[in-house]
C-alpha cells in the first residue's frame, strides 16, 4: 500500500487542534479515520482492543489523564462512557490540542444529553475523493463554479469518459478498496464489507435480528440510489414491513452507509415533492449488493445515471463538509416529476448553486432547462448552475450556467 495520502481534513484538524481542546472524527468504518488521526496525535487509546477497553470502563478518567497529548481515542463507541471522561478533562483543562476522538457511528451525536456537547468540534470523514487519490486534494470546486468562468476549468490532457467514471465509482472510496492493486481483491473486500455490515456492525448499534432482511433492504436501496423512492416501495422490494424499513433506514444513516438528501423548498415554488433522495455514501457498494460490474452498468442506462450521480455527490459531500461555513445539500423535484434538480447547494445566506449530472458527452441547452427554470423562479437567490457531463471540455450554456466535465469536481 502506498505511503500516506494527504486528506482534505488534514489542515482542518491541524487548525482546530491549535485552537480547541478536542476534535471528533466521524465516518463509516474503514474510511481512514484512524490512519488520518494518527498523523495528528502523539498517543493512542484503542477501545476496540479488549484489554484497553476494560481499563477504560473501570476508570475512564484515569485512562485518558496521562496522554500523551494530543491523544487519539479510537472507536469510542465500544466504551461510550469515555466521552464523559473527555468532557470532564476538557472542563478541567481547556488547553488546545488535547484529544482527537474517532468512531464509526453517529449514535447520539446530536442528542441534547450527549456528554460531549459543546466540548468536541465534529468533523466528518468519508472515503477518498478523486483529488486525494491523485495526490491533489482540493475543495475549491464551488468557489470556481461561482465565478461562472469556464477558464477556471481548463481542459485535461487525458480526459475521462463515461466508462472511466463508472470504473471509479465501482472501485470504491475506502482505502483498502481504492488502493488495492488487484481488482479481484477489491471485489472481495467490498463484498466482505457488506457481509460484515449486515451481520456484525448493524448488531452493535441496533436491534437487527435477521441480517438477511437488512441485506435485502440495502439491496433495494442500492437499486434506487439517487432516486426519490418511497419507504413503502423499498419495504415492498425487501419484503419487510414499513416499520422495519424505517428502522433500517435510520440504522444505515447512523453507520454512515447511506446519506439522505432532503427535498429543498422555497416560498417562491409550489407543488414540490417532500420525498428525500437516498445515496449510497460509497457507490461501489452497488457492485456486491446488485451483482454488477462496469460492463453490466454500461448496459443499464438507469443504473448508469444513478451511479454517476451518486459518484458526483460523493465528491461534493466530502468537500462541502469541511468548509468553514458548510452549505446544506438538497435535491429538488416537483410532485409530478416534470422538473427536478439533482443537487441544490444552499449557503448560509439562503442563496443557492444547482447541479445536474448527465451521462452524456455532449450536453445541450435542453439539459439545462431545469436549472434555467429554477433560476427564473427564485431570481437573485440563484448564484450559479452546472451540468456535469462525461465529455472532455467545459463550455458555457448560459450566463450563469456552465457545462462541466465530471472531473472538474477535483481536477
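The values are calculated or read from the model by the stated rules, or taken from the named source; none is laboratory data. Keep in mind the model is a prediction, meaning the values are calculated, not measured. In this analysis, Cβ positions are derived from the backbone assuming ideal geometry, glycine residues included, and neighbour counts consider all displayed protein chains.
Looking only at region 188-214, count how many residues are without any contact (Cβ under 8 Å) to a residue 24 or more places away in the chain and buried (at least 18 other Cβ atoms within 10 Å of the Cβ).
Adding up the residues that qualify gives 2.
Quick one: residue 366 ticks every box in (1) in contact with a strand residue (DSSP E or B) (Cβ under 9 Å, 6 or more places away or on another chain); (2) in a helix (DSSP H, G or I) bar one, so which box is it?
Residue 366 satisfies all of (1) in contact with a strand residue (DSSP E or B) (Cβ under 9 Å, 6 or more places away or on another chain); (2) in a helix (DSSP H, G or I) except (1).
For region 63-81, what are the residues that are modelled with pLDDT under 95 and within 28 Å of the chain's Cα centre (by Cα)?
75, 76, 77, 78, 79, 80, 81 - these are the residues of region 63-81 that are modelled with pLDDT under 95 and within 28 Å of the chain's Cα centre (by Cα).
Evaluate the following for residue 126: is it within 22 Å of residue 355 (Cα to Cα) and not in a helix (DSSP H, G or I)?
Answer is yes for this residue.
Do any helices (runs of 4 or more DSSP H) lying entirely in region 140-205 carry at least 3 residues that are touching a helix residue (DSSP H, G or I) at 6+ places or on another chain (Cβ under 7 Å) and within 28 Å of residue 217 (Cα to Cα), and which ones are they? Write out each step before concluding.
Working: elements: 141-146, 162-171, 175-178, 183-196, 202-205.
By residue number, 162-171, 175-178, 183-196.
Mind checking which residues of region 220-245 are in contact (Cβ under 8 Å) with a residue 60 or more places away in the chain, in a helix (DSSP H, G or I) and surrounded by 21 or more Cβ atoms within 10 Å (Cβ to Cβ)? Show your work before the answer.
Of the residues in region 220-245, the ones in contact (Cβ under 8 Å) with a residue 60 or more places away in the chain are 222-228.
Among the residues that remain, those that are also in a helix (DSSP H, G or I) are: 222-223.
Hit for region 220-245 is 222, nothing else.
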